[in-house]
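For reference, the structure discussed in these notes is given below.
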Amino acid sequence: MITLHPADSQLTFRAVLEALSRPGETFQLPAHKVPPAVLPTLALADLGTGVCVLEAGTDWADTVFSATSAPSYTLDKARLVTALRPVTGEEVASLHRGAAPAPEDGALATLAVSDVDGGPAKWWLSGPGIPGETVLSPSGLPEDFLAARAALVAGFPAGVDFLLVCPDGQITGLPRTTKIEKES
């Protein structure tokens, strides 16, 4: 069974915390045998946290559930979501957003992307944790990602937080408080 060494779990937790605290900046996850997008779920999941793993032709879901003992939930009810394959806008729109009295129930979705710089369109990010404005150009997300995300975060404090994870372990956070405007 694959598990995270406590030091790797701590480094992963720290990278997730930094990424969500400073949206648009990239941080490094520790090197491990599992795909980098699996690391946040391995570090954060527990017996009481519903998890959904979206994958195509791999068995990383079994590894996650075996290593964490977390229950398997459907995409619309999971608190932690790991997408190892490209997601659709419909899948993004169906993520659990929590409610105003319980915003902590909103999902944390970790999405494997090809890159956070070099995609087809520029995004301007602003909001808490961003001095002024920063620019991202992610690749590997559906065209309707921003529209689906905007609907999810419209009822703040409810919403969904996103982590974009590259194959090299670079991680970037898009918390629900971040305003994103796309290049016209």
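The values are calculated or read from the model by the stated rules, or taken from the named source; none is laboratory data. Every value quoted in this text rests on a predicted model; they were computed, and no experiment measured them. Quick reminder, even Gly has a Cβ in these numbers, built from the backbone with ideal geometry, and neighbours come from all protein chains shown. To get the accessible areas, we keep the full protein, side chains included, count just its heavy atoms, and leave off ligands, DNA and RNA. Shrake-Rupley method; radii C 1.70, N 1.55, O 1.52, S 1.80 Å.
Count neighbours as other Cβ atoms within 10 Å of each site's Cβ, and list the GluC sites (Glu not before Pro) in the range 82-148 that are DSSP loop with at most 11 such neighbours.
When the GluC sites (Glu not before Pro) of the range 82-148 are filtered for loop state and at most 11 Cβ neighbours within 10 Å, Glu143 remain.
GNM on the chain, C-alpha springs below 10 Å: top fluctuator among Lys33, Lys122, Lys77?
Top of the fluctuation ranking is Lys33.
Determine the calculated [θ] at 222 nm for the chain from helices alone, applying -39500 (n - 2.57) to every DSSP H run no shorter than 4 residues and normalising by the residue count; nearest 500 deg cm²/dmol. Kindly include the intermediate steps, with their values, before the conclusion.
On the way: 5 runs with 45 residues, N = 184.
Helix-only estimate at 222 nm: -7000 deg cm²/dmol.
Only Cα pairs within less than 10 Å get springs; with that Gaussian network setup on the chain, which residue of Leu39, Leu47, Leu29 has the largest fluctuation?
Leu47
At a threshold of 8 angstrom on Cα-Cα distance, excluding pairs fewer than six apart, so keeping six or more, what relative contact order does the range 1-133 reach in percent?
22 percent
So for the range 117-184, taking the charge dipole from beta-carbon charges (+1 Lys/Arg, -1 Asp/Glu), which of Leu164, Ile130, Thr177 sits furthest toward the positive end?
Thr177
Mind jotting down the distance between the C-alpha centroids of the range 1-51 and the range 107-184, whole Å?
One Cα centre to the other: 18 Å.
Calculate, axis by axis, the spread of Cα positions in the range 93-171 along the three principal axes, and write the results as whole Å, longest axis first.
38, 27, 23
Once ligands and nucleic acids are excluded and a 1.4 Å probe is used, how much of Asp144 is accessible, expressed in Å² to the nearest 10?
For Asp144, solvent-accessible area is about 80 Å².
Could you give the dipole magnitude of the chain about its Cα centre, charging the beta-carbon of Lys and Arg +1 and that of Asp and Glu -1, in debye to the nearest 20?
Using only the charged Cβ atoms, the result is roughly 280 debye.
Straight-line reach from Lys122: which aspartates and glutamates have a Cα under 13 Å away, not including same-chain ones fewer than 8 places off?
Glu133, Glu143, Glu181, Glu183
I need the phi-derived Karplus couplings for the range 8-25: 6.51 cos²θ - 1.76 cosθ + 1.60, θ = phi - 60°, integer Hz, Gly and Pro marked x.
My calculation for the range 8-25 gives 5, 4, 5, 5, 5, 4, 5, 5, 5, 4, 5, 4, 7, 7, 10, x, x, 7 Hz in order.
Place a point 7 Å from Cα of Asp59 in the direction of its Cβ. Which residues in the range 16-46 have their backbone N less than 20 Å from it?
33-39, 42
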